[in-house]
Amino acid sequence: MTDAKIRLSVDHPLGPGQSVPLTEDQALYLFAVMRKGVGDAVLLFNGQHGEWRATVAEATKRRGVLLCDRQTRPQTAPADLWLCFAPVKKVETVYIVEKAVELGVGRLCPVQTDFTNSDRLNRDRMQANAREAAEQCGATLVPPVEPLQGLDKLLAAWPAGRRLLWCNESRAGIATRLAQETPGPWAILIGPEGGFSDREKARLAAHPAVVQASLGPRILRAETAAVAALTLWQSALGDWRGGDWA
Ligand code: SAM
């Protein structure tokens, strides 16, 4: 247990006695917004060295230095699961990123499809949303957000050995389908509001990595489908199987 509540993702090594500079945004957040100061404790993680309790050693409005005291959590890897999704409207896309990180994805892959509403993407903003979600939920790694990529290109360069769960409303139920599968490298694919074009459906159906499954008899909004698919995948093949987190 630790007295520190605030968690920050940093791009700096962590270890016993290690000093860690804050970015200007982090200093503003910690000292101006959260009213923390010298001597207060914060939790830090960097995706490599686990989570560390650190104490504020220097604090000005725009600058800060923390000193690591002790490790509070070991480094853990998220499931080897990617979420490939067609970006939807702004608020819903933020929701998808946030929930995907909370639900333990390892990588976020925005995909441009024939009916994708937006062809531009603020990747830095999405990465910041992923970082905030990781800080909030206790993850020790911020999943990377890949650049927006066309579906054809993504499928053409698909890595060997990674299965792709295409959430397709006209197929058999996901629970039955995943019960036939094994853990390992996976990705989930969620389409845009307009669904996939016939051309894309034919391409996906013919791809050797693709496993098709339905999320039930109702058409879900893309953000609901993403949360439902991630939840079911995690309980069937991911890090929700077994374990004791008490
Ligand atoms: N009008 C679109 C259509 O009929 O294809 C609806 C698309 S839905 C809003 C967005 C995406 O969520 C779909 O492309 C699919 O990947 C996923 N989805 C929604 N409901 C689903 C369901 N019941 N089963 C599987 N996937 C679903």
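Here are a few things to note about the model shown:
- Radius of gyration, Dmax [the range 7-73; alpha carbons; angstrom]: 10.6, 29
- Summarising the label geometry, the points placed 7 Å from Cα in the beta-carbon direction at Asn122 and Arg218 lie 3.1 nm from one another.
- Ranked packing of 38-45, 197-204, most packed first, by mean Cβ within 10 Å: 38-45, 197-204
- When the Gaussian network model of the chain links Cα atoms closer than 10 Å, the mean-square fluctuations of Thr231, Thr182, Thr113 top out at Thr182.
- The range 87-178 - Kirkwood radius from inverse mean 1/r over Cα pairs (Å): 14.6
- Residues in the range 181-187 carry Karplus couplings, in order, of 10, 10, x, x, x, 9, 9 Hz; the curve used is 6.51 cos²θ - 1.76 cosθ + 1.60 with θ = phi - 60°, and Gly or Pro positions show x.
- With 27 Å as the limit on Cα-Cα distance, the pairs of Lys90/Lys153; Lys90/Lys201; Lys89/Lys153; Lys5/Lys89; Lys36/Lys90 that go past it are Lys5/Lys89; Lys36/Lys90.
- Among Val211, Val91, Val20: highest mean-square fluctuation, GNM of the chain, C-alpha pairs under 10 Å: Val91
- Label-point separation, Ser19 to Thr231 (7 Å along Cα→Cβ), nm: 4.8
- Interatomic Cα distance distribution for the chain, bins of 10 angstrom, percent: 7, 29, 30, 19, 12, 3, 0
- Formal net charge of residues neighbouring Arg203 (Cβ-Cβ distance under 11 Å; K, R +1; D, E -1): -2
- Label-point separation, Arg63 to Ala77 (7 Å along Cα→Cβ), nm: 3.9
Where a number appears in this text, it was derived from the coordinates with a stated rule and is not lab data. Note that the structure is predicted; figures quoted are calculated from it, not measured. A quick note on method: Cβ atoms are made from the backbone with ideal geometry, for glycine too, and the neighbour counts reach across all protein chains shown.
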